Every structure is written in structure tokens, then in C-alpha cells.
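Inspection log for the structure reproduced underneath, given as C-alpha cells.
Every number here is computed from the coordinates shown, using simple stated rules; none is lab data. This structure is a prediction, so every number in the text was calculated from the model and none was measured. Backbone-built Cβ (ideal geometry, glycine too); neighbour counts: all protein chains shown.
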Amino acid sequence: MKPMFSPAEIRKDFPIFSKVMRGGNRLVYLDSGATSQKPRQVLDAERNFYEQSNAAVHRGAHLLAEEASIAYEGARQVLTNFLNAEVDEVVFTKSATESINALAYSIGNSENGSRFALKAGDRIVVSEIEHHANLIPWQLLAKRTGAELVWFSVDPDGRLDLSNLEELVNASTKIVAITHQSNVLGTIVPLKDIVSRAHAVGAVVVLDACQSAPHFAIDVKALDIDFLAFSAHKALGPTGIGILWGRREFLNSMEPFLTGGSMIESVTMTEAKWAPSPKRFEAGVPNMAQAVGFAAAINYLNELGMDNVAKHEHDLTSYALKKFLQLDKVEVIGPKNNVDRGSVISFTIDGIHPHDVGQVLDQYGVAVRTGHHCAWPLMRKLGLVGTTRASFYVYNDEADVDVLIDSILEAQKYFKG
Amino acid sequence: MELDSLYQEVILDHYKHPLNKKLSPTFTAQVHHVNPSCGDEITLNVNISDGIVTSVTWEGVGCSISQASTSIASDLMTGKNLDEALKIVESFSDLMSSKGTMAGDEDILEDGVALAGVSKFPARIKCALLGWMAFKDAAIQSSKN
């Protein structure tokens, strides 16, 4: 355990922070909501896998195949512990996007009589703050099956309006797919009432944890959810690897989406039987080095301690919000108090398009996201063309926030008059 | 500062006082173009008669680069014959894909050369091209009608 939470010490583990940015500035990386940076420990784990243990997992009797399988299944165990799940419930995918799509297609492949089989009149519930990745797969599933897609609204403060929970999640509801934390607003969705209502009507809850799992401790048993998706690359890990977690009894009663090698129990020329989860959903040789890198990232976070990570980000968000609310002609889009709120701050500046804001910030070494953040319906609802978004992680500190605020003032000067 | 090569005074002027930013009530073609990566949108009307572009008008939301660039394009195209106009679009496209190696021909592109610096910022090239591509699309549709 590191004695104190020190972003300056943490940054030493990340080679990218020695890069010189535009204008000769240091990197102030405030775009972890899009993807996080990677510590040396993760890069080394991937390299070590390729240099020492590379072979196709679960095939072959040779030493490397054994080592590769042990490394890959070890990575699954790390993820299992991280989520307080069971090891056969953790499916490796290539991304959270793939996880949600695979789940939606698996549900769509269900035979009549299955609890997952959808028909006209059934209902899928989402929310207005969903990322496109947790919206479009459900739009398409609804279209394919004739099910109805309905959603929770967002209020002007960026919170979900749950006043019509019982009406929205009704007896026809089969799936409630919801984000844990808005990637645009930072809003953390209160799950307790949603989950108990969904279960009361026999629906399953699918949680998009992309913006939550990297930032605070997740316990799938305590949350009492049914499925969860998140990706490594937003959690200090590599691209190309994510997970789909689901309750064992559900995964083992579902039809797979991707089929091929590894996912079978037996095959004849005309038929195949599926292996149990997780293999059932892992057709083909998986992204092994990336799974190992994913585990290294989770180990890195575990060493920091997820509660320490959460506290650090919460404190930094409080500091940043206070500074933002003092700025003239700058509006924070999303909750202005730091309650049930993650470390994402979206904002607009009067008279300056987000793209231009991002360009000026870039001149000062500040990397932010601009635009609609893959949440176009939310932007339309809020009447915005886009926002500028700063998102914080373990390597950010108050000095980064200060550079951000100073750069915003520079942008206002640049575009004045 | 590097930023000044992107945000030339001419661009900021067009951004603050855009030309032809009011849709004409009639048109020979109308197009709606979107930049899906940033959400910028534009509606553009052209009137082309006897092979001459008689008006280019537009409405839309977007960053300073896309707004200024559309303003410049609309002004430049008005009064040109269609072939000439499409050649100018091509010349501007070449400038945008030059990665900062071309200054642009002022005799052809007029205020458009102020956008030469955009070619050094790959993320902004699509912003600069939005209005020009909309015009090209509209001009081709109009000539088919």
C-alpha cells in the first residue's frame, strides 16, 4: 500500500506524462472519461505475456499453452474479485460496447418460452442520459422483436426523474438497461429503487459501468443487478478488452451471439452444444495479452485502494466545482453539488463553441473532450450542440484544475469582442 | 502562438459577421449536412440558373472554423459558373489535405486562404470542409434537377 494518495507519485508510473505538448506545455490530461492513460505496470504485463507466455489459451498441451491459460484465467479471477462476482460469471469481450451488443443479441436469440424471449408488447427501459453504446443496441432489439422502448427523463439539474418509476417499469418490462454514471453530466444513478422495482416485475437490470467501475468500488451482489459491462481502457488498462458480467443462471440459459471455437461442448456436422459460461460467450482465441494487462490495471487500482481513488476524485471534483461556479459566463452542465456525482465536469462558455474551447485548451497542454460525447439525445434534450468535458482520474490534482481554469480564462480572452 | 495560425483575424471576422447566413425562400437545391463527430449541422440553399450560381445561403450551428468557412465559401461561389465553382471547391479540398505544406492561391480562394492553417490540425479539417461539401452536394443536385 502506498502511504499517501499522491497524484504526483502516481504520474511517475505513466510514461506519457513526460511528453511535451503544444506550446511546450506539460500534459494536463482531463479526458479519462474517453480513455485513461496506462501505467508502466500494465504495459509491462502485456509485454511480459508476449515475451514469456504467448500461446493460444485452452488449447495445446505444451508449457506455453499452460502458462497462457493460467495467466488468462488468473486475469478473470482478478476481475471476479474486483466485482465481488463468481469466476464463471465474468466473460471477456473486446469492449463494453461489444458486451452490451452481445447481450442484446443473445437476448434476441432466445427461443420462445425463455424468460428472455421478447415479443410485441414487452418493454425495454433505458434513460435519456445513456451513452449511444447503451441505447442503440436496445433500440435495435426493440425493433427486431416489436418490444417498446421507453426511458427515464433527465431533469434540468442533470438528475434522472424517477417519479414515474412504477409507471415506466411496469409488468410488461423485461429489461432495464441503465448507466451507473453519466459520461456527460457525472450524475451517479441511484440504483436501489430501480433494481427493486425491476425485480418486482420480473425484469432484469443491465448496468453500464464504464464510468463507475474505474472510479469507485463495485459489488455486483450488493447492487443486486443482473448484468454489467465495463472496459479496461477507461480503467488504466489496454484497449481491446472488456467484460460482460452476468448472473450464472442467466448466462447459462442464454443463447450465445458469437459462435465458433472454444465456446462449444460438442459439435457434429449439423449441430453444436454450448459450453457453460464463460466459455459459451468467448468464441475464438481471446485477447489474452490484453486480459493480462486488464488484470494488471485492476491490481494497480487495488493497490491504490478503490475507496482512496473515489475519495481523491470526490475531493478534486469539489475543488473544481467551486472554481467553476465562480467563473463568469461559464455554465456547468450537470449537478452543481457534489452529491451522488462522479469526477466529470461538462461545461459551456457563452459565445464560444466547445470545439474552439478545446482548441485553445490544447494550446496550454490541456486535453479535454468536446462535442456531444456519444450522448446525442441528451444534448438535444438539454438544447445544446455540445459541451466541453473535463474528467479526472488518479493522476490528476488541483494544479491540473488550476491550469484548466486559467486556460478557460485565456479562451474567453481569445474569443472576446 | 500556434493558435494564431488557425484563428486568423479574417476567420474571426467571418465568424462574428457571417455572410449569407439566412436561407433564401426559394432554391434550386437544398441540402442538410451534419458532422457526426462533433454534432455541427448546416442547411444550405443554392440557386443556379443557366449554369451560374446566383445565390448560396445557409443556416447552421458550429464552431468558428465551420461557420467562418461556410461564410467564405458562400461569398466566393456566388456569381461563379458551376464548373468554375466546383474547381474552387476542389482547390480548397487540396489545401485542406496539404498538412500545412500549401498556402493556397489567393486569386482562386480569396479569403479561403486564411483557412490554410487548419490543414495542420487534422481534427478541424472536417469543420472547415462542412460548408464546401454541402455546397458541392447542392450544386450537383441542382444540376440534376
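Descriptive notes on the structure:
- Here segment A:217-281 is treated with +1 on each Lys and Arg Cβ and -1 on each Asp and Glu Cβ, and its dipole about the Cα centre works out to around 180 debye.
- For A:Ile264 and A:Tyr50, the FRET efficiency from 1/(1 + (r/R0)^6), where r spans their Cβ atoms and R0 equals 25 Å, is about 0.35.
- Pairs with C-alpha atoms separated by more than 22 Å, drawn from the list A:Lys143/B:Lys126; B:Lys99/B:Lys126; B:Lys22/B:Lys136; A:Lys416/B:Lys120; A:Lys329/B:Lys126; A:Lys12/B:Lys120, are A:Lys143/B:Lys126; A:Lys416/B:Lys120; A:Lys329/B:Lys126; A:Lys12/B:Lys120.
- P(r) tail fraction, segment A:44-302 - alpha-carbon pairs more than 31 Å apart, %: 25 percent
- Footprinting exposure proxy for A:Glu282, B:Glu41 (fewest neighbouring C-beta atoms within 10 Å first): B:Glu41, A:Glu282
- Rounded if a/c under 1.5, otherwise prolate or oblate - segment A:372-417, Cα gyration tensor axes: oblate
- Counted charge near A:Leu316, where neighbours are those whose Cβ lies closer than 13 Å (Asp, Glu -1; Lys, Arg +1): -2
- Eigen-decomposition of the gyration tensor built on the alpha-carbon atoms of segment B:82-145 gives equivalent ellipsoid semi-axes of 22, 13, 8 angstrom, largest listed first.
- Relative to its Kirkwood radius, the Cα radius of gyration of segment B:2-144 gives an Rg/Rh of 0.94.
- For segment A:179-264, the square roots of the Cα gyration tensor eigenvalues, ordered a ≥ b ≥ c, give a/c of at least 1.5 with a/b no greater than b/c, which places it in the oblate category.
- Using the Cβ-Cβ distance between B:Lys144 and A:Arg144 with R0 set to 51 Å, the FRET efficiency works out to roughly 0.90.
- Counted by Cβ distance under 15 Å from A:Asp362, the other residues give a net charge of 0, where Lys and Arg count +1 and Asp and Glu count -1.
- Alpha-carbon centroids, segment A:309-373 and segment B:1-42: separation in whole Å: 26 Å
- Each of A:Phe281, A:Gly334, A:Gly365 was placed along the dipole of segment A:276-417 (beta-carbon charges, centred on the mean Cα), and the one lying farthest toward the positive end is A:Phe281.
- Segment A:134-195-segment A:57-130 distance, computed between alpha-carbon centres (Å): 21 Å
- Segment A:1-86 - Rg over Rh from alpha carbon coordinates, Kirkwood radius: 1.10
- Cβ-to-Cβ counts within 10 Å put B:Lys120, A:Lys234 in ascending order as B:Lys120, A:Lys234, the fewest first.
- Neighbours of A:Val385, meaning other residues whose beta-carbon lies under 11 angstrom from its beta-carbon, give a summed charge of -1 when Lys and Arg score +1 and Asp and Glu score -1.
- Candidate lysines for bridging to A:Lys221, where Cα separation is under 30 Å - those fewer than 8 sequence places away on the same chain excluded: A:Lys2, A:Lys38, A:Lys94, A:Lys119, A:Lys174, A:Lys192, A:Lys234, A:Lys273, A:Lys279, A:Lys311
- Between the listed residues A:Val90, A:Ala272, A:Ile194, the Cα displaced farthest toward the positive end of the dipole of chain A, a dipole computed from Cβ unit charges relative to the Cα centre, is found at A:Ala272.
- Aspartates and glutamates with Cα under 19 Å of B:Lys87, excluding same-chain neighbours fewer than 8 positions away: B:Asp50, B:Asp75, B:Asp105, B:Glu106, B:Asp107, B:Glu110, B:Asp111, B:Asp137
- For segment A:381-389, putting each phi into the Karplus relation 6.51 cos²θ - 1.76 cosθ + 1.60 with θ = phi - 60° gives couplings of 4, 7, x, 10, 7, x, 9, 9, 10 Hz, in residue order, rounded to whole numbers and with x for Gly and Pro.
- Projected label distance in nm at A:Arg248 and B:Thr26, using a 7 Å step from Cα toward the beta-carbon: 7.6 nm
- Charge dipole (debye, nearest 20) of the protein assembly as shown; +1 at Cβ of Lys and Arg, -1 at Cβ of Asp and Glu: 580 debye
- DSSP finds beta bridges in the protein assembly as shown, and of those with both partners inside it, around 70 percent are antiparallel.
- For a straight C-alpha distance cut-off of 13 angstrom, the aspartates and glutamates reachable from A:Lys323 (same-chain residues fewer than eight places away being disregarded) are A:Asp315, A:Glu331, A:Glu398, A:Asp400, A:Asp402, A:Asp406.
- Only one residue of A:His353, A:Ala411, A:Gln139 has its Cα farthest out toward the positive end of the dipole of the protein assembly as shown, where Lys and Arg carry +1 and Asp and Glu -1 on Cβ, and that residue is A:Gln139.
- Sequence-separation-based contact order of segment A:173-257, relative, with Cα cut under 8 Å and 6+ spacing, percent: 24 percent
- The charge dipole of segment B:2-144, taken about the Cα centre with unit charges on the Cβ atoms of Lys, Arg (+1) and Asp, Glu (-1), comes to about 460 debye, rounded to the nearest 20.
- Taking only Cα atoms of the protein assembly as shown, radius of gyration then Dmax in Å: 26.2, 79
- Set of segment A:31-74 residues, backbone N closer than 20 Å to the point 7 Å along the Cα-Cβ line of A:Tyr319: A:31-33, A:37
- Ranked list, fewest to most other Cβ atoms within 10 Å of each Cβ, for A:Glu51, A:Glu89: A:Glu51, A:Glu89
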